[in-house]
Amino acid sequence: MDFDIPRIPLGDWIESGLDFLTTEFSGVTRAISRGTQSGINLLNDGLMWLPEWALIALIVLLCWKLSGRRLAIGGLAGLALIWNLGLWNPMIQTLTLVVIATLVAIVIALPLGILAAVSDRFYRVIMPILDFMQTMPAFVYLIPAIPFFGIGSVSGIFATVIFSMPPAIRFTTLGIRQVPKDLIEAADAYGSTRSQKLIKVQLPLSLPTLMGGINQTIMLALSMVVIAAMIGANGLGSEVWRAIQRLRPGEGFEAGIAVVIMAMLLDRLTQSLSGGKKTK
Amino acid sequence: MTDTQQTKIQVRNLSKVFGDDAKKALKLRDEGLNRAQILEKTGQTLGLSNINFDVREGELLVIMGLSGSGKSTLIRCLNRLIEPTEGDIIIGGENIPQLGDKALLQCRRRHFSMVFQNFALFPHRTVQMNAEYGLEIRGVDKAERAEKAKNSLKQVGLEGWEHAYPNQLSGGMQQRVGLARALANDASVLLMDEAFSALDPLIRRDMQQELIELQHRMKKTTIFITHDLDEALNIGDRIILLRDGEIVQIGTPEEVLTCPADDYVARFTEGVDRSRVVTSRRVMRPVRATAHYDDGPRTVLRKMSENTLDSIYVVDRERKLLGIVEVDDVDEAARAGKDSIHELVITDFPHIGPDEPLATLYPMFQGKSYPVAVIDDQQRLLGVIVKGAVLEQLAQTGEQ
């Protein structure tokens, strides 16, 4: 079995491609880096500036308004536990990263999703790319992030955005495509332009599905932000990472439980935002 | 229903092929192949073939056919929700298939409102906002469109429901919203695609009646699609019968019933209750004799015996109908030596207009049975209807 088939240097090609991007676009990446970093700082400082009890009260109130008493009580208990464990600051840092990554992901995903809904050709192009983005092991995105944006939170956000964006695109496309055909026909029959049809009929009707996509994006962003601790993103992830390096399972689980509490709160909140509002 | 009405839409040589090689399909059609053969040979479906008709200003035109006959395709070709393959559709000097995107948009806004089978209301908008939709996308300002929408909601009897959402309304009410949305738009043609087919029979009847009244009041040119012949006969000024993508017959409801173009139409019309469609004019007989108001009793008596009549209608010099006299009364007056029939005239007699359906005659044959007088709007006697003639006409249904 000694055929002399040369190994395809796929890795080399990718690396030289990435090298090319980092050197040629260093100006761009540095600008993005600076912008993102100041965004992170601003939001982080803002959330930190509020006293812990005030922020807890605010979130609990939000839970009550959007969902009900059960979520409010659960939220209160969970946040109080995080505060008590001394994980408040890492929690805020993680929240900041999740919020910013999600916002960036939505801003990119929405137009792409709409485009994929309207154009069959674009749909056929983007769907395999999304499959690629979602099935690639999440850690791999961390590697090119470093040469682009250096070690730290910005790289974490970069990797998170790529990892968490696909469901937002998919659900936007799905939501628009599943608007009943007769409603599209009605909009057309009365002489709606494309954008009128989109704004007045398709987007409002796809809103529940779209919110489902955003919910997914937030969940994926949270999981990725934790992993991004490996390349220096702050927050609960770095607590876990430190616990691994020092072999302290207790501290690791404490931070892990804090992540679970955050995840549940964010999930229930966004779900009640999408489901509970329009049905009545 | 006169022929002097202006033509609103002209449809000429309209054809539609579903498939990617339309030319080939049309060529085979021109060689005389039918729909099934073309489908077998090319895999193309000939949806519509060589459709020609006019829509007259202000009429209610019904396009009727079974499912698969191409009626939905036809109505959608008019506003190009479906692109026609060939042919012309001319409205207001524009040929719709030739219009560019912008012009098409304008044409749809100006000329067409549409009502859909499954209502197609926007579930996220209130009744009022649904009714406003057409005006809103045209950029009509808020106060004006609210006013117009409110008016049209009133027209269809939905006052007070402005702020409800469609899913809070019954099917009949939802379709009223659909109708209000179309009316508010004030386009020149109303397209109704099986608009009442999803409603249950009782509500359907009511809606048909309301549509007829609304249509007569507003004189809105309406094209109504249905698969239900009863509905077509009930509401249509004229009916176009469609089969396998071709027109089989164009005519008034009465023409369709009494002179079906071929077996297909005849079979269709078999089960129809003719008494609602056939008019009194068709069954009336010429009057054999009338009495003049100033005739003496003996003259009248002679006229009656010559024609073996038990009663005779009395007219004045302009042939205006005054009443009826009975043979016994005249006989008595003649014996008594009177010289006028003036006080014998019975003014309470059954009468009917020439374009009334036969069904309205039934109650008139109860009790004392004079022949029913058919009179025009100047009270002139056009003819009479006897019980036997009605039965005869209705009986013809089975024979054809």
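Please state, as a whole number in µm²/s, the translational diffusion coefficient that the Stokes-Einstein equation yields for the protein assembly as shown at 10 °C and 1.306 mPa s, with Rh defined as the Kirkwood radius across alpha carbon pairs. Don't skip to the end; give the middle numbers.
Working: Rh = 32.2 Å.
Answer from the Stokes-Einstein relation: 49 µm²/s.
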Where labels lie 7 Å past Cα in the beta-carbon direction, separation of B:T347 and A:R177 in nm | 7.8 nm
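Using a ≥ b ≥ c from the Cα gyration tensor of region B:1-122 (square roots of the eigenvalues), is it rounded, prolate or oblate, where a/c under 1.5 gives rounded and otherwise the larger of a/b and b/c decides, a/b for prolate?
Details: a/c = 1.65, a/b = 1.56, b/c = 1.06.
Verdict is prolate for region B:1-122.
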Once you have the Cα-Cα distance between B:E318 and B:H227, take 0.36 nm times their residue separation minus that, and quote the gain in nm to one decimal.
-> 28.0 nm
Evaluate the relative contact order of region B:281-397 (contact order divided by residue number), counting alpha-carbon pairs under 8 angstrom at least 6 apart; express in whole percent.
-> 28 percent
Over region A:188-280 - Rg/Rh using Cα atoms and the Kirkwood inverse-distance radius = 1.25
Under the classification rounded if a/c is under 1.5, otherwise prolate if a/b is larger than b/c and oblate if not, where does chain B fall, given a ≥ b ≥ c as square roots of the Cα gyration tensor eigenvalues?
-> prolate
Which stretch or stretches of region A:220-250 have amide N atoms under 17 Å from the point lying 7 Å from A:D19's Cα along the Cα→Cβ direction?
-> none
Relative contact order (percent, whole number), region B:136-251, Cα cutoff 8 Å, 6+ residue spacing | 19 percent
Is the shape of chain A best called rounded, prolate or oblate, per the rule: a/c under 1.5 gives rounded, else a/b larger than b/c gives prolate, else oblate, with a ≥ b ≥ c the square roots of the Cα gyration tensor eigenvalues?
-> oblate
Using amide H atoms built 1.01 Å from N in the peptide plane, name the residues 5+ places from B:T221, or on other chains, whose amide H lies under 5 Å from its own.
-> B:G58, B:L190
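What is the mean number of Cβ atoms from other protein chains located within 10 Å of the Cβ atom of each residue in peptide B:101-111, rounded to a whole number?
Numbers: counts 2, 1, 0, 2, 7, 1, 1, 5, 3, 1, 1.
That works out to 2 on average.
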May I ask you to sort A:M230, B:M192 by Cβ crowding, counting other Cβ atoms within 10 Å and putting the fewest first?
-> A:M230, B:M192
Per-residue Cβ contact counts at 10 Å, fewest first, order B:R335, B:R12 as B:R335, B:R12
Relative contact order (%) - criterion: Cα under 8 Å, at least six apart; region: chain A | 23 percent
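Tell me, A:W64, A:W49 in order of fewest to most beta-carbon neighbours within 10 Å? It would help to have the intermediate numbers written out before the result.
Values: A:W64 16, A:W49 9.
With the fewest neighbours first, A:W64, A:W49 line up as A:W49, A:W64.
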Efficiency of FRET between B:A198 and A:F3 - r from beta-carbon atoms, R0 51 angstrom, step 0.05 = 0.15
Relative compactness, region B:305-348, computed as alpha-carbon Rg over 2.2 N^0.38 Å = 1.16
With N set to the residue count of region A:114-253, report its C-alpha Rg divided by 2.2 N^0.38 Å to two decimal places.
-> 1.37
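Translational diffusion coefficient of region B:31-96 at 37 °C, 0.692 mPa s, Stokes-Einstein with Kirkwood Rh over Cα pairs, in µm²/s as a whole number.
On the way: Rh = 13.7 Å.
Here the translational diffusion coefficient equals 240 µm²/s.
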Alpha-carbon Debye profile of region B:267-372, log10 I(q)/I(0) at 0.10, 0.11, 0.12 Å⁻¹ | -0.36, -0.42, -0.49
Phi angles of region A:150-156, converted by Karplus (6.51 cos²θ - 1.76 cosθ + 1.60, θ = phi - 60°) into ³J(HN,Hα) in whole Hz with x for Gly and Pro, give x, 6, x, 5, 5, 4, x
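To the nearest 500 deg cm²/dmol, what mean residue ellipticity at 222 nm is calculated for chain A from DSSP H runs of n ≥ 4 alone, each contributing -39,500 (n - 2.57), summed and divided by the residues? Intermediate values should be presented prior to the final figure.
Details: 13 runs with 225 residues, N = 280.
Value at 222 nm, helices only: -27000 deg cm²/dmol.
Taken together, the values in this text are just the output of simple stated rules run on the coordinates, not laboratory data. The model shown is predicted, which means the values in this text are computed figures rather than measured ones. Cβ sites come from the backbone with ideal geometry, for glycine too, and all protein chains shown count toward neighbours.
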